[in-house]
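Quick notes on the structure that follows.
The values are calculated or read from the model by the stated rules, or taken from the named source; none is laboratory data. All of these numbers come straight from a predicted model, not from anything done at the bench. For neighbour counting, all protein chains shown are included, and Cβ atoms are generated from backbone atoms with ideal geometry for every residue, glycine included. The area values use the complete protein model at the heavy-atom level, side chains included, leaving out ligands, DNA and RNA. Shrake-Rupley method; radii C 1.70, N 1.55, O 1.52, S 1.80 Å.
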Amino acid sequence: MTALDLQQFRVGSLPTVFYIPNYVSTEEEQALLTDLRASKQWRTVSGRRLQNLGGIIHKQGLISAPLPSWLQPLVARLAAETGIYGNVGGDVGQPNHVLVNAYQPGEGILPHEDGPLYHPAVAILGLGAPAVVRFAHKRSNTQADADAAAMAAVGGDAHVYKHQLVASVVCQPRSLLIFRDVAYSDCLHGILEAAVEEIDDSCVNAAQAGVQQQQRLPRGGERISLTVRRVLRTHKLGIRL
Ligand SMILES: O=C(O)CCC(=O)C(=O)O
Ligand SMILES: [Fe+2]
């Protein structure tokens with residue numbers, strides 16, 4: 001497998017976001033959806049259905065488990081083609097964890113950062129239905145505290161806390177969203193709890209995703225996404241409990 005020229009898939013000016021339409025074919029999508037739906041690993045966490053494949057993540061790192069065999073070709077292809085998982089001892093870094101999230105129309109994921117447990121780059125494959133991933137600049141605690149204090153001083157709500165939206169990416173089914181650098185380290189990302197997405201001026205990939213600015217995009221059906229990452233510290237389940 002040869003490396004892709006990622007630069008040709010760069011979208012927007014936020015460092016650094018890439019969008020690759022049709023990363024998998026409709027046949028591959030159907031095969032993945034069939035295996036994902038049949039998996040016994042589904043859990044419900046804070047109202048969202050998810051699967052942890054490759055092991056369970058703890059504050060200390062990953063208690064690793066083998067990735068399912070049907071997922072291994074995709075993960076190997078992602079590592080070789082994107083090269084985003086770094087270099088490990090002279091070899092291309094391999095992702096070791098896949099978080100699978102299922103979203104019905106109207107469901108989303110709150111703005112969050114993926115944090116320091118991972119090599120700071122992530123690839124998200126979207127299947128089944130579209131969604132919009134929005135990036136907002138994280139504000140420093142000092143800045144947020146100063147704003148909250150200023151608010152409180154004038155009798156306002158000290159908890160009002162707005163992140164600044166910097167980019168939104170329409171993730172069509174079968175597409176790959178990759179982000180790293182500032183987008184990984186200094187931004188939050190999330191998906192609105194919307195049944196219909198409003199495409200606004202913050203959209204950085206309207207042409208690549210085949211949508212128009214100001215368009216309304218119905219989420220349409222269930223979206224299943226695969227968040228593919230490399231957890232930096234891993235432990236084998238040999239710990240005596
Ligand atoms: O489903 C998505 O596109 C986003 C998932 C995500 O941000 C995560 O798993 O950390
Ligand atoms: Fe995330």
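Considering each of Tyr118, Tyr103 in turn, give the residue that is over 18 Å from Asp35 (Cα atoms) and hydroxyl-bearing (Ser, Thr, Tyr).
Tyr118
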Expected output for the stretch 99-119 (first residue under 18 Å from Asn52 (Cα atoms) and within 14 Å of ligand 2 (Cβ to nearest atom), partner part of a strand (DSSP E or B) and basic (Lys, Arg), Cβ below 6 Å, 6+ apart or cross-chain) is Tyr103/Arg223; Tyr118/Arg229
Selection from the stretch 1-19 of residues closer than 22 Å to Trp70 by Cα and surrounded by 14 or more Cβ atoms within 10 Å (Cβ to Cβ) yields none
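Residue by residue, here is whether (1) in a strand (DSSP E or B); (2) in contact with a Phe, Trp or Tyr (Cβ under 7 Å, 6 or more places away or on another chain); (3) open to solvent by less than 40 Å² (accessible area, probe 1.4 Å); (4) over 19 Å from Gly93 (Cβ atoms) holds:
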| position | (1), (2), (3), (4) |
| --- | --- |
| Asp35 | no, yes, no, yes |
| Asn52 | yes, no, no, yes |
| Ile63 | yes, no, yes, yes |
| Leu74 | no, no, yes, no |
| Ala80 | no, no, yes, no |
All conditions in (1) at pLDDT 95 or above; (2) in contact with a Lys or Arg (Cβ under 7 Å, 6 or more places away or on another chain) are true of Tyr184 except (2)
Subset of the stretch 84-122, residues surrounded by fewer than 17 Cβ atoms within 10 Å (Cβ to Cβ), within 10 Å of ligand 1 (Cβ to nearest atom) and not small (Gly, Ala, Ser), comes to Leu110, His112, Glu113
Log entry, pairs with first residue in the stretch 159-186 being at positive phi and exposed (fewer than 15 other Cβ atoms within 10 Å of the Cβ), second being modelled with pLDDT of 95 or more and among the polar types (S, T, N, Q), beta carbons closer than 9 Å, six or more apart or on different chains, reads Asp181/Thr16
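Just give me the residues in the stretch 200-210 being more than 19 Å from the chain's Cα centre (by Cα) and either under 11 Å from Ser168 (Cβ atoms) or of a type outside the set (A, V, I, L, M) (or both), in sequence order. Let's see the steps before the verdict.
Looking only at the stretch 200-210, we keep the residues that are more than 19 Å from the chain's Cα centre (by Cα), and these are 200-201, 207, 210.
Asp200, Asp201, Gly210 - these are the residues of the stretch 200-210 that are more than 19 Å from the chain's Cα centre (by Cα) and either under 11 Å from Ser168 (Cβ atoms) or of a type outside the set (A, V, I, L, M) (or both).
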Of the conditions (1) closer than 26 Å to Leu32 by Cα; (2) within 13 Å of ligand 2 (Cβ to nearest atom), the single one that Ala129 does not satisfy is (2)
Checked against (1) touching an Asp or Glu at 6+ places or on another chain (Cβ under 7 Å); (2) within 14 Å of ligand 1 (Cβ to nearest atom), Arg216 satisfies every condition except (2)
Going by the structure shown, is Arg219 over 13 Å from Val169 (Cβ atoms), out of contact with any helix residue (DSSP H, G or I) (no Cβ under 9 Å at 6 or more places or on another chain) and surrounded by 21 or more Cβ atoms within 10 Å (Cβ to Cβ)? yes
